[in-house]
Amino acid sequence: MIDAFRTTDRHEFLPGVDLEAAYKEDAVPIKHDQDGEMISCISAPSIVATQLEQLGAQPGDTVLEAGGRMCRR
């Protein structure tokens, strides 16, 4: 799994986000309401890694994260 983090370009999944923000160890806001409050974000890399480990994801699995929860197929 660590290879996926090293070889996947995170910024490709964050259009419009600058490179520094895309690679920080932090959640990245991707949607705001009309008042500017964040209503959606991409989870921090360490959170995603922890979730994948807990899920038991294996090479070739398809994984969906939604609302802070993951499922695999």
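Any read-out appearing in this document is the output of simple, stated calculations on the displayed coordinates, not a laboratory observation. For clarity, every value in this text was computed on a predicted model and none was experimentally measured. Every residue, glycine among them, receives a Cβ derived from its backbone with ideal geometry; neighbour counts consider all protein chains shown.
Summary table
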read-out: Filter pass, Ile39 being outside any helix (DSSP H, G or I) and touching an Asp or Glu at 6+ places or on another chain (Cβ under 7 Å); value: yes
read-out: Matching residues in segment 28-53 - criterion: being loosely packed, with under 14 Cβ neighbours inside 10 Å, closer than 17 Å to Phe5 by Cβ and either small (Gly, Ala, Ser) or touching a strand residue (DSSP E or B) at 6+ places or on another chain (Cβ under 8 Å) (or both); value: Ser46
read-out: Leading residue by the ranking (farthest from Ala66 (Cα to Cα)) among those in segment 23-43 that are of a type in the set (Gly, Ala, Ser) and out of contact with any helix residue (DSSP H, G or I) (no Cβ under 9 Å at 6 or more places or on another chain); value: Gly36
read-out: Scan of segment 13-22 for residues that are part of a loop (DSSP other than H, G, I, E, B) and more than 19 Å from Gly67 (Cβ to Cβ), ordered by number; value: Pro15, Gly16, Val17, Asp18
read-out: Residue list for segment 58-69, filter: within 15 Å of the chain's Cα centre (by Cα) and either farther than 23 Å from Ile30 by Cβ or of a type in the set (A, V, I, L, M) (or both); value: Val63, Leu64, Ala66
read-out: Residue tally, condition in contact with a strand residue (DSSP E or B) (Cβ under 9 Å, 6 or more places away or on another chain) and surrounded by 14 or more Cβ atoms within 10 Å (Cβ to Cβ), over segment 1-20; value: 3
read-out: Scan of segment 54-68 for residues that are in contact with a strand residue (DSSP E or B) (Cβ under 6 Å, 6 or more places away or on another chain), in contact (Cβ under 8 Å) with a residue 12 or more places away in the chain and not acidic (Asp, Glu), ordered by number; value: Leu55, Ala57
